[in-house]
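> Handing you a structure now.
The values are calculated or read from the model by the stated rules, or taken from the named source; none is laboratory data. Model, not experiment: these values are computed from the prediction. Cβ coordinates were reconstructed from backbone atoms using ideal geometry, including for glycine residues, and neighbour counts include every protein chain displayed. To get the accessible areas, we keep the full protein, side chains included, count just its heavy atoms, and leave off ligands, DNA and RNA. Shrake-Rupley method; radii C 1.70, N 1.55, O 1.52, S 1.80 Å.
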Amino acid sequence: MHDIIQGIRILLLCILSGQLMYGFLIVLFEETMTNFYALGIYEPPNNLFQKITNLFMLITIGSGYHIYLRLRNYSWLVRKLLFLVALFLQAIASVLIYKTIYGVLKVIFL
């Protein structure tokens, strides 16, 4: 049981850190990274495979892209600053999510 919890913990860390790292890559390479994400999703998804692909992209690297889309109307400098603030808040939320889920798993299974 301990190995399963560790596996879930590592998967959770990978997903949450992947979201943050992709967000920082968007800060550095704006259009390149957003175009990469846009190429990886299907608009609109027509079958189950496309829906699963979109879900995978959303879960692994989607938050930075969607935050960036919301901020696209601002000037370059304001967009960068607001996006960095959003990433800082996302980092805090990621730590809280990790601690909560890992704490619940430890209470339930250990």
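> Before we move on, is residue 92 within 21 Å of the chain's Cα centre (by Cα) and assigned to a helix (DSSP H, G or I)?
Taking the combined requirement at face value, the residue satisfies it.
> Of all residues in segment 33-59, which are closer than 21 Å to residue 91 by Cα and surrounded by 14 or more Cβ atoms within 10 Å (Cβ to Cβ)?
Scanning segment 33-59 gives 33, 34, 37, 57, 58.
> Also: Can you report the number of residues in segment 70-83 which are open to solvent by 90 Å² or more (accessible area, probe 1.4 Å) and of a type outside the set (S, T, N, Q)?
6
> Of the residues that sit in segment 34-48 and are part of a helix (DSSP H, G or I) and either among the β-branched types (Val, Ile, Thr) or at pLDDT 95 or above (or both), which one is nearest to the chain's Cα centre (by Cα)?
Among residues in segment 34-48 that are part of a helix (DSSP H, G or I) and either among the β-branched types (Val, Ile, Thr) or at pLDDT 95 or above (or both), the one nearest to the chain's Cα centre (by Cα) is 34.
Per-residue answers, yes or no, for (1) of a type outside the set (Ser, Thr, Tyr); (2) at pLDDT below 95; (3) open to solvent by 70 Å² or more (accessible area, probe 1.4 Å); (4) not in a helix (DSSP H, G or I):
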position: 6; (1), (2), (3), (4): yes, yes, no, no
position: 22; (1), (2), (3), (4): no, no, no, no
position: 25; (1), (2), (3), (4): yes, no, no, no
position: 31; (1), (2), (3), (4): yes, yes, yes, no
position: 61; (1), (2), (3), (4): yes, yes, no, no
position: 68; (1), (2), (3), (4): no, yes, no, no
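> How many of the residues in segment 70-83 are out of contact with any Phe, Trp or Tyr (no Cβ under 6 Å at 6 or more places or on another chain) and either in a helix (DSSP H, G or I) or under 16 Å from residue 19 (Cβ atoms) (or both)?
9
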